[in-house]
Amino acid sequence: VENFHCLYGEDRDFLVNTFSQCLSAREIKNYKNTLKNLPLFESEPPSRPDYLVNLCAREIWRNMEYHIENGIHPELADQLSEFMAERYVTIENFYTLPSGVPSLDVNKQFLIYKPHLRTFYSELGIKAISTTNYVKNYILPEFDQLSHHQKFAVLNFIKDNFPSLNKNLAETIRVLECVEPYGKPNTLVTPYKLFDPSNSMFRNIFPTKAKLFPSQKYTSVKWLRFLRNIGLVTKVN
């Protein structure tokens, strides 16, 4: 165990895959605590802007591994070891993320979704958090701290998964500043401050390009249906 810091990412993935394929359910149960305390499980990427400039984490690791193995930059070994310690973790109190959720800095207690390890994770007692609970308990409380780009990614994810989400979440989302008005790309407002552009009365009352309508990026049928569910004004009160 003391030599795990020397293992590269692919080595750790290989060990996890081997355990999942070769150990019986009884063996996993007998060695569960030992397995859960091995730093082999790939978590969501840590926020490391000094390293993650133009390349994804996995590409950076492979580049660092190549340089270390070939003696080009031996000083990178400590950096790689530190990075691996953040990326590959023991799994006490961890969850598996739902498939397809946006990768954000709030992902600090989650393992990367790997369908082929689902049974192995379950036998280790790792819980799979539902999409609804993930959005409600981890994304929305941190929404105001996200970047403009991340907020759009979150809203797009919720839009695509809305039928499977608890509709009570709509009341939480409707008070968030999450929708871009027409002609104001750096501004976000709450949905109920904007009018439905498909309503002919609103189109007659307001200029076509009024800032009281959502940005053009939200004008598809699917987007407008979603915005109506979270507060877009659809009729005159």
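Could you sort 123-135, 24-36 so that the peptide with the highest average Cβ count within 10 Å comes first and the rest follow in order?
Final packing ranking: 123-135, 24-36.
Where Lys and Arg each count +1 and Asp and Glu each count -1, what net charge lies around K159 among other residues with Cβ under 12 Å from its Cβ?
Local charge sum for K159: +3.
Multiply the residue separation of T18 and V221 by 0.36 nm, subtract the distance between their alpha-carbon atoms, and state the gained length in nm to one decimal.
Using 0.36 nm per residue and subtracting the Cα-Cα distance, I get 68.4 nm.
Over 24 Å between Cα atoms, which of K114/K217; K159/K184; K36/K159; K32/K114; K36/K167; K32/K136 qualify? Spell out each step's value before the answer.
Numbers: K114/K217 32 Å; K159/K184 21 Å; K36/K159 35 Å; K32/K114 19 Å; K36/K167 35 Å; K32/K136 30 Å.
Listed pairs above 24 Å: K114/K217; K36/K159; K36/K167; K32/K136.
Name the long-range amide H neighbours of A128: under 5 Å, sequence gap of 5 or more, or other chain; modelled H, no Pro or chain starts.
The list, which skips near neighbours in sequence, is T96.
With every protein chain left in place, what is the accessible area per residue of the stretch 112-226 in square angstrom, probe 1.4 Å?
Normalised by residue count, the accessible surface of the stretch 112-226 is 56 Å².
From the phi of every residue in the stretch 123-128, what ³J(HN,Hα) in whole Hz does the Karplus formula 6.51 cos²θ - 1.76 cosθ + 1.60 yield, where θ is phi - 60° and glycine or proline is x?
5, 7, x, 7, 8, 9
The values are calculated or read from the model by the stated rules, or taken from the named source; none is laboratory data. Since the model is a prediction, treat every value here as computed from it, not as a measurement. So basically every Cβ, Gly included, is an ideal-geometry build from the backbone, and we count neighbours across all protein chains shown. Surface accessibility is based on the protein's heavy atoms, side chains included, excluding ligands, DNA and RNA. Shrake-Rupley method; radii C 1.70, N 1.55, O 1.52, S 1.80 Å.
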